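Chemist: The structure that follows is given in the form of structure tokens.
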Amino acid sequence: MRRGSESSMLLSSSLRGAQQVVLLFAAMNLLGCCDSHGGLLMANASAREYRWDVSYQFKSPDCFRKLAITINGETPGPTIDAQQGDTVVVVVNNSLLTENAAIHWHGIRQIGTPWFDGTEGVTQCPILPGDSFVYRFVVDRPGTYLYHAHYGMQRSAGLYGLIRVAVPDGTVEPFAYDFDHSLLLNDWWHQSTYEQAAGLASVPFVWIEEPQSLLINGRGQFNCSLAGTTDVCNTTAPECSPYVLSVVPGKTYRLRIASVTSLSALNFQVEGHNMTVVEADGHYVKPFVIENLNIYSGETYSVLITADQDPSRNYWLAANVITREPRTPAGTGILNYLHNSPDEKPPTAPPAGPMWNDTEHRLKQSAALRAHPDHILPPPATADRMILLLNTQNLVDGHTRWALNNVSFNFPHTPYLIAMKQRLRNVFDERPAPETYDYKHYDIYNPSSNPNATIGTSIYRLEFNSTVDVVLQSANILKPNKSETHPWHLHGHDFWVLAHGSGRFDPDIDTARFNLVDPILKNTVDLQPFGWTAIRFRADNPGVWAFHCHVESHFFMGMGVVLEEGIDRVGELPDSIMGCGKSKLPKRS
């Protein structure tokens, strides 16, 4: 295998690269070089076509049998392998019988194809049971990305997988390796998503509780002695045998580590082996060495490890819960040195990782994430607009919800993209969404004195091509002395991570801490308990985009907002995304 032949790199250009891509799409649309859906047809690009049947199947990924949502009978679903500039075509047949579906291509910016972002209620109507839907988009840059369900809470039922986009032939990466492997991390419940959603929406509130298992590449081990008498649980089932990563002594491996957890932040470790971080969310990182990796839902990393330990034994791969008091056993796999039996368990206990509540350990890693010196895209020196979002847990008519600036988000029945492009009225609240809160006086260390919030459907309208800062502020939840971690994901964009901080953000003081020299670009970022995170992005991708907490239950409970930019620049919408709410299919002669 050629060293570094499958990589995840940033477009080899400066900040103007992202702007040039947008201009390129616009120019090519004018020249008639693109397909009817706005997809870029590149001279040397290929089409990667997939046909997926989405259905419920009985699966036992942690030895406990339950209904899972599968693609072609499997969970995780198939990995999409493509090269920069390829067009990916996925034909999705919804065989769920009684449930709608939608699939989001997490980290793919959908430049020129905002209607294929796969976000039900924002960019498309859902795929009805028995119907098929064709997603068609260009993977415009290399990297390691995800796909997952974006309807209800289906992600936690097993509808997810990896996207790996290789660099163009002849491209040299700023690191070398011998082999390329992927590790997809997930948490797993035995309760159905129907039961979970009903509990979250109930009065009194019923929490989903902690997951039963952690999975590595769809495999985990539940203690079957804890199963009920009518449950089916078999520890000898091949489906739940530990994932085995086999290595050759002396060789260097690129591990693409991705988290699609529904609740848990994780710490990942390869026993006895240091890891060098080289990529995050598809962008090159100034390399740094760690013993273990903190990874939040929606994030992807590439790390390098060298098989340089005692080759006479095997070692643990271990994923442990952090930021929440662990009630779930570690997810484990086996690093198998060649010539040892892959079934041979290591002679040691799996690594426990750092303390679950060690916030400083997590902030240290976040601070170490900087752009690679040869691939720095400096952000604009100033922002045109700052939006401050206070993350709180609230009550709405007795229901427990999450809110931003005291507004808890709900999807309208007609997707925003359709409503705005077709100028449909009375679909969502068109009053401006709240951009700030009383940051000078709000006490983030105690439950709010007025916990009541309101339900909202208003959005943030951004001037096209403007620079926007968003500061996320974490606060105490409804219970005393407790704040939570939130991974925030922005659709349609990457953003610069300018700073993390503890305590209450004050723009008059803390903006001086912003890193404007070499900040990393990401699409998902962590917000720590009783802390804040500041990001900056260019509103240069015409469309309507979700920005939300990637914890499945938190988003279900209202922890998200919607951004609009350049809606007048969006091309004609395809018929396939319409048909729900007030959207109407065009009349045909």
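Chemist: Just the residues that are outside any helix (DSSP H, G or I), open to solvent by 30 Å² or more (accessible area, probe 1.4 Å) and not aliphatic (A, V, I, L, M), please, taken from region 355-376.
Modeler: Trp356, Asn357, Asp358, Arg370, Pro373, Asp374, His375
Chemist: (1) surrounded by fewer than 22 Cβ atoms within 10 Å (Cβ to Cβ); (2) touching a residue at least 60 places away in the same chain (Cβ under 8 Å); (3) hydroxyl-bearing (Ser, Thr, Tyr): which one isn't true of Tyr437, the others all being true?
Modeler: Failing condition for Tyr437: (2).
Chemist: Moving on. Given the criterion within 26 Å of Thr119 (Cβ to Cβ) and not β-branched (Val, Ile, Thr), identify the matching residue among Asp540, Asp508.
Modeler: Answer to the check: Asp540.
Chemist: Inside region 217-238, can you point out the residues that are outside any loop (DSSP other than H, G, I, E, B) and within 26 Å of the chain's Cα centre (by Cα)?
Modeler: Arg219
Chemist: Out of region 120-132, which residues are part of a loop (DSSP other than H, G, I, E, B), open to solvent by less than 30 Å² (accessible area, probe 1.4 Å) and touching a strand residue (DSSP E or B) at 6+ places or on another chain (Cβ under 8 Å)?
Modeler: Matches in region 120-132: Val122, Thr123, Pro126.
Chemist: Now a separate question. Do we have Ser182 as touching a residue at least 40 places away in the same chain (Cβ under 8 Å), of a type in the set (S, T, N, Q) and either touching a Pro at 6+ places or on another chain (Cβ under 7 Å) or open to solvent by 10 Å² or more (accessible area, probe 1.4 Å) (or both) here?
Modeler: In short, yes.
Chemist: Does any residue of region 229-240 turn out to be hydroxyl-bearing (Ser, Thr, Tyr), modelled with pLDDT under 95 and in contact with a helix residue (DSSP H, G or I) (Cβ under 9 Å, 6 or more places away or on another chain)?
Modeler: For region 229-240, residues hydroxyl-bearing (Ser, Thr, Tyr), modelled with pLDDT under 95 and in contact with a helix residue (DSSP H, G or I) (Cβ under 9 Å, 6 or more places away or on another chain): present.
Every residue, every condition in (1) under 30 Å from Phe175 (Cα atoms); (2) open to solvent by 20 Å² or more (accessible area, probe 1.4 Å), yes or no:
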{"residue": "Pro378", "(1), (2)": "yes, yes"}
{"residue": "Ile387", "(1), (2)": "no, no"}
{"residue": "Arg425", "(1), (2)": "no, yes"}
{"residue": "His441", "(1), (2)": "no, yes"}
{"residue": "Ile459", "(1), (2)": "no, no"}
{"residue": "Leu462", "(1), (2)": "no, no"}
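Chemist: Going through Tyr243, Tyr253, Tyr194 one at a time, which residue ends up being aromatic (Phe, Trp, Tyr), modelled with pLDDT under 95 and either open to solvent by less than 70 Å² (accessible area, probe 1.4 Å) or within 30 Å of Trp105 (Cβ to Cβ) (or both)?
Modeler: Tyr194
Chemist: Same structure, new question: What's the total number of residues in region 293-317 that are aliphatic (A, V, I, L, M) and either open to solvent by 10 Å² or more (accessible area, probe 1.4 Å) or in contact with an Asp or Glu (Cβ under 9 Å, 6 or more places away or on another chain) (or both)?
Modeler: 3
Chemist: Give region 256-292 a look and list any residue that's hydrophobic (A, V, I, L, M, F, W, C), over 13 Å from the mean Cα position of the chain (by Cα), crowded, with 21+ Cβ neighbours inside 10 Å and within 19 Å of Asp526 (Cα to Cα), or say none.
Modeler: Of everything in region 256-292, those that are hydrophobic (A, V, I, L, M, F, W, C), over 13 Å from the mean Cα position of the chain (by Cα), crowded, with 21+ Cβ neighbours inside 10 Å and within 19 Å of Asp526 (Cα to Cα) turn out to be Leu266, Phe268, Val278, Val285.
Chemist: Ok, one more. Restricting to region 187-207, what's the tally of residues that are more than 20 Å from the chain's Cα centre (by Cα) and part of a loop (DSSP other than H, G, I, E, B)?
Modeler: Going through region 187-207 one residue at a time, the tally reaches 10.
Chemist: Additional query: Based on this model, can you work out whether Val22 counts as within 30 Å of Asp374 (Cβ to Cβ), modelled with pLDDT under 95, open to solvent by less than 30 Å² (accessible area, probe 1.4 Å) and hydrophobic (A, V, I, L, M, F, W, C)?
Modeler: So Val22 fits the description; yes.
Chemist: Tell me which residues, restricted to region 82-106, are part of a loop (DSSP other than H, G, I, E, B), open to solvent by 10 Å² or more (accessible area, probe 1.4 Å) and in contact (Cβ under 8 Å) with a residue 60 or more places away in the chain.
Modeler: Matches in region 82-106: Gln84 only.
Chemist: Applying the selection to region 154-174, what residues are of a type in the set (A, V, I, L, M, F, W, C) and crowded, with 20+ Cβ neighbours inside 10 Å?
Modeler: Correct list: Ala157, Leu159, Leu162, Ile163, Val165, Ala166, Val167.
Chemist: If we only count strands (runs of 3 or more DSSP E) wholly inside region 434-539, which ones have 2 or more residues that are farther than 24 Å from Ser262 by Cα?
Modeler: 460-462, 467-474, 495-502, 531-538
Chemist: Out of the residues in region 42-63 that are touching an Asp or Glu at 6+ places or on another chain (Cβ under 9 Å), assigned to a strand (DSSP E or B) and under 22 Å from Ser182 (Cα atoms), state the one that is least open to solvent (accessible area, probe 1.4 Å).
Modeler: Lys59
Chemist: Here is a follow-up. Considering each of Asn336, Asn340, Asn391, Asn320 in turn, give the residue that is out of contact with any helix residue (DSSP H, G or I) (no Cβ under 7 Å at 6 or more places or on another chain), in a strand (DSSP E or B) and open to solvent by 20 Å² or more (accessible area, probe 1.4 Å).
Modeler: Asn320
Chemist: Please tell me if Asp526 is out of contact with any Ser or Thr (no Cβ under 8 Å at 6 or more places or on another chain) and at pLDDT 95 or above.
Modeler: Here the answer is no, as Asp526 does not meet what is asked.
Chemist: Right, another one. So which of His489, His500 is within 26 Å of Asp117 (Cα to Cα) and either surrounded by 19 or more Cβ atoms within 10 Å (Cβ to Cβ) or modelled with pLDDT under 95 (or both)?
Modeler: That would be His489, the only listed residue that is within 26 Å of Asp117 (Cα to Cα) and either surrounded by 19 or more Cβ atoms within 10 Å (Cβ to Cβ) or modelled with pLDDT under 95 (or both).
Chemist: Can you find a residue in region 64-75 that is modelled with pLDDT of 95 or more, open to solvent by 50 Å² or more (accessible area, probe 1.4 Å), under 25 Å from the mean Cα position of the chain (by Cα) and of a type in the set (Lys, Arg)?
Modeler: Checked region 64-75: no residue is modelled with pLDDT of 95 or more, open to solvent by 50 Å² or more (accessible area, probe 1.4 Å), under 25 Å from the mean Cα position of the chain (by Cα) and of a type in the set (Lys, Arg).
Chemist: Given the criteria surrounded by fewer than 21 Cβ atoms within 10 Å (Cβ to Cβ), of a type in the set (Asp, Glu), modelled with pLDDT of 95 or more and out of contact with any Cys (no Cβ under 8 Å at 6 or more places or on another chain), does Asp117 qualify?
Modeler: Considered against the rule, which asks whether it is surrounded by fewer than 21 Cβ atoms within 10 Å (Cβ to Cβ), of a type in the set (Asp, Glu), modelled with pLDDT of 95 or more and out of contact with any Cys (no Cβ under 8 Å at 6 or more places or on another chain), Asp117 comes out as no.
Chemist: Considering only residues that are in a helix (DSSP H, G or I) and of a type in the set (A, V, I, L, M, F, W, C), which ones fall in region 540-589?
Modeler: Residues satisfying the conditions are Phe555, Phe556, Ile567, Ile577.
Chemist: When both residues are 6+ apart or on different chains and their Cβ atoms are under 6 Å apart, which pairs have a first residue that lies in region 324-336 and is farther than 22 Å from Gln528 by Cβ and aromatic (Phe, Trp, Tyr), and a second that is at pLDDT 95 or above and part of a strand (DSSP E or B)?
Modeler: Filtered contacts from region 324-336: no entries.
The values are calculated or read from the model by the stated rules, or taken from the named source; none is laboratory data. Since the model is a prediction, treat every value here as computed from it, not as a measurement. We place every Cβ from the backbone using ideal geometry, glycine too, and count neighbours over all the protein chains shown. Ligands, DNA and RNA are stripped out before the accessible areas are found, and what is left, the full protein with its side chains, is counted by its heavy atoms. Shrake-Rupley method; radii C 1.70, N 1.55, O 1.52, S 1.80 Å.
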